[in-house]
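One structure is given here, and the rest of the page talks about it.
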Amino acid sequence: MSNKADVGTQENKMGVMPVNKLLLNMSLPMMVSMLVQALYNIVDSIFVAKLSENALTAVSLAFPLQTLLIAFGTGTGVGVNSLLSKQLGEKNMKQVSKTAMNGIFLAVMNYVLFLIVGIVGVRPFYASQIKDADPEILTLGVQYLTIVCVCSFGLYAQFIFEKLLQSTGKTLYTMISQAAGAVTNIILDPILIFGLLGMPKLGVAGAAIATVIGQIVGGTLGLIFNIRVNKEIVLSVKGFKPDLNTIGNIYKVGVPSIMMQAIGSVMTYGMNMILITFSSTATAVFGVYFKLQSFFFMPVFGLNNGLIPIVAYNYGAGKRSRLIKAVKCSLVYAFVLLFIGFVVFQVIPAGLLGLFEASEEMIAIGVPALRIIGVHFLFAWFSVIAIAVFQALGSGVYSLVISVARQLVVLLPVAFILARLGGLHAVWWAFPVAETVSICVSSLFMVLINKKVIRNIPDNA
């Protein structure tokens, strides 16, 4: 297939297909695959919880560093995706493959960074959090997180190759690679954790090994799909040299995305530090919440990821009406998805906790916690979509400011104060408070970007 034909196909899809159909076409495969990912994250913790509450707490305390690891992959991928989609919209094919190869180079550099972290940084990271908690938590946590970091090459391969497919509209292949990795993890989890089918019983280390094998499977499929079906992008290491200008353009959008998620890592670390002063069970509840909320937020993030290339392409192609309609449709879908999450958290919190072998103490802490935190679902939908718009239009700094305001300037200080004034039960209210601030800031920035950017886009639709 020629490049000209490929560009024509991309134009027919991104620039001509009815917007709602295009949004669903781009997003649904991502939403399904992310639902599968959320499911295997939950299943992972369910199996670990059967070992002991200490094992569940150890995996929960890994979340801040895991979030940081993922932040570098997704942030770099978002930058590559946004830049590639814009270049495709402009039909600047000369730069497309250069951007893709520089994205792969950055993924390799990200892995090298976390390889070093996995070797020297995991034990100090855990030791800083557990304080006077059971030392078994430290031992189990170090086992788990060292494997996840040292073997994260599969994760970074999966991120970059899936973003290359997504930027050219081939989200079905993205869904297949993600789902394959998730299913691999789900199958291997019980086998490696509990020593089934003649395998040794590896406990939390088995959960980590299952995770990285799943990532390697997903990354390998992503590479194969890019070579075989992604004809718009030519991948070749022959004569490749890192291009600072291209890397700068990638990270113009990518760095704010990385920092935004890194702030989430700092927030989680800070919350763990606050909650561990009450009990390790409170920390485990917080970890369970993050697993459960992902089942509702991951589809919204899939919607977010599907929206970014649509907005970026139509921005580059000068099709303002299509861009605006895509944003409006995304807001409606995001609200519906998170409203369902709100209802579930209010109606069956005890049943959700029961999936994780919850003790009576965990039920007593977790039921009110899930109901209170769940209130923020009613506000978060707008901010998630607004962040996608800012990233796609090259204003990722707005996304960064929203995250800083919500998770550092508001959430952690409010949680700390409420912990001192009202105890553990009051801490959970920090989440709805922070999300209320977030929707106010997001609305302000949407007004600004509409005035400065969107209104000035020509309407060639």
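Looking at region 160-195, which of the residues that are in a helix (DSSP H, G or I) and hydroxyl-bearing (S, T, Y) is nearest to D44 (Cα to Cα)?
This residue is T184.
Listed residues V43, V36, V78; which is surrounded by fewer than 23 Cβ atoms within 10 Å (Cβ to Cβ), in contact (Cβ under 8 Å) with a residue 12 or more places away in the chain and closer than 29 Å to E232 by Cβ? Let's see the steps before the verdict.
Numbers: V43 fails: closer than 29 Å to E232 by Cβ; V78 fails: surrounded by fewer than 23 Cβ atoms within 10 Å (Cβ to Cβ).
V36 is the lone residue from the list that is surrounded by fewer than 23 Cβ atoms within 10 Å (Cβ to Cβ), in contact (Cβ under 8 Å) with a residue 12 or more places away in the chain and closer than 29 Å to E232 by Cβ.
Do you know which of the residues in region 314-340 that are within 12 Å of V19 (Cβ to Cβ) and hydroxyl-bearing (S, T, Y) is surrounded by the most Cβ atoms within 10 Å (Cβ to Cβ)?
S330
Looking at T268, T220, which one is surrounded by 18 or more Cβ atoms within 10 Å (Cβ to Cβ) and under 25 Å from V150 (Cβ atoms)?
T268
Determine whether region 235-256 contains at least one residue that is of a type in the set (D, E), more than 30 Å from S52 (Cα to Cα) and either without any contact (Cβ under 8 Å) to a residue 40 or more places away in the chain or crowded, with 20+ Cβ neighbours inside 10 Å (or both).
Checked against the condition, which is being of a type in the set (D, E), more than 30 Å from S52 (Cα to Cα) and either without any contact (Cβ under 8 Å) to a residue 40 or more places away in the chain or crowded, with 20+ Cβ neighbours inside 10 Å (or both), region 235-256 yields no hits at all.
Here's the yes/no breakdown for (1) over 16 Å from the mean Cα position of the chain (by Cα); (2) free of Cβ contacts under 8 Å to residues at least 40 places away in the same chain:
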{"site": "V384", "(1), (2)": "no, no"}
{"site": "V404", "(1), (2)": "yes, no"}
{"site": "A415", "(1), (2)": "yes, no"}
{"site": "G422", "(1), (2)": "yes, yes"}
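Filter region 89-104 down to the residues that are closer than 21 Å to L223 by Cβ and out of contact with any Phe, Trp or Tyr (no Cβ under 7 Å at 6 or more places or on another chain) and list them by number.
V96, S97, K98, T99, A100, N102, G103, I104
Among the residues of region 436-449, how many are closer than 16 Å to A388 by Cβ, surrounded by 15 or more Cβ atoms within 10 Å (Cβ to Cβ) and among the polar types (S, T, N, Q)?
Residues in region 436-449 being closer than 16 Å to A388 by Cβ, surrounded by 15 or more Cβ atoms within 10 Å (Cβ to Cβ) and among the polar types (S, T, N, Q): 2 in total.
Is it fair to say N102 is assigned to a helix (DSSP H, G or I), more than 20 Å from G203 (Cβ to Cβ) and in contact with a Pro (Cβ under 8 Å, 6 or more places away or on another chain)?
yes
Which of the following residues is closer than 24 Å to W381 by Cβ and either out of contact with any Leu (no Cβ under 7 Å at 6 or more places or on another chain) or of a type in the set (S, T, Y) (or both): Y313, Y251?
Of Y313, Y251, the one residue that is closer than 24 Å to W381 by Cβ and either out of contact with any Leu (no Cβ under 7 Å at 6 or more places or on another chain) or of a type in the set (S, T, Y) (or both) is Y313.
Does K94 satisfy the condition of being exposed (fewer than 15 other Cβ atoms within 10 Å of the Cβ), modelled with pLDDT under 85 and under 30 Å from Y313 (Cβ atoms)?
So K94 passes the test.
Do you know which residues across region 134-151 are surrounded by 18 or more Cβ atoms within 10 Å (Cβ to Cβ) and not in a helix (DSSP H, G or I)?
C151
Just checking, does region 361-382 include any residue being acidic (D, E), assigned to a helix (DSSP H, G or I) and surrounded by fewer than 20 Cβ atoms within 10 Å (Cβ to Cβ)?
Within region 361-382 (the criterion being acidic (D, E), assigned to a helix (DSSP H, G or I) and surrounded by fewer than 20 Cβ atoms within 10 Å (Cβ to Cβ)), the answer is yes, since at least one residue qualifies.
Residue by residue, here is whether (1) in a loop (DSSP other than H, G, I, E, B); (2) basic (K, R); (3) in contact with a helix residue (DSSP H, G or I) (Cβ under 7 Å, 6 or more places away or on another chain) holds:
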| site | (1), (2), (3) |
| --- | --- |
| L68 | no, no, yes |
| V78 | no, no, yes |
| K98 | no, yes, yes |
| L106 | no, no, yes |
| V112 | no, no, no |
| G118 | no, no, yes |
| P124 | no, no, no |
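Looking only at region 50-64, count how many residues are buried (at least 24 other Cβ atoms within 10 Å of the Cβ), assigned to a helix (DSSP H, G or I) and not β-branched (V, I, T).
Going through region 50-64 one residue at a time, the tally reaches 5.
Residues of region 209-251 being of a type in the set (D, E, K, R) and not in a helix (DSSP H, G or I), which ones? If you could, list the steps in order and put the result at the bottom.
First, pick out the residues of region 209-251 that are of a type in the set (D, E, K, R): 228, 231-232, 238, 241, 243.
Correct list: K231, E232, K238, K241, D243.
Test I308 against the criterion of being modelled with pLDDT under 90 and crowded, with 22+ Cβ neighbours inside 10 Å, and give yes or no.
yes
The values are calculated or read from the model by the stated rules, or taken from the named source; none is laboratory data. These numbers were taken from a predicted model, which means no experiment stands behind them. Glycine gets a Cβ as well: all are built from the backbone with ideal geometry, and neighbour counts include every protein chain shown.
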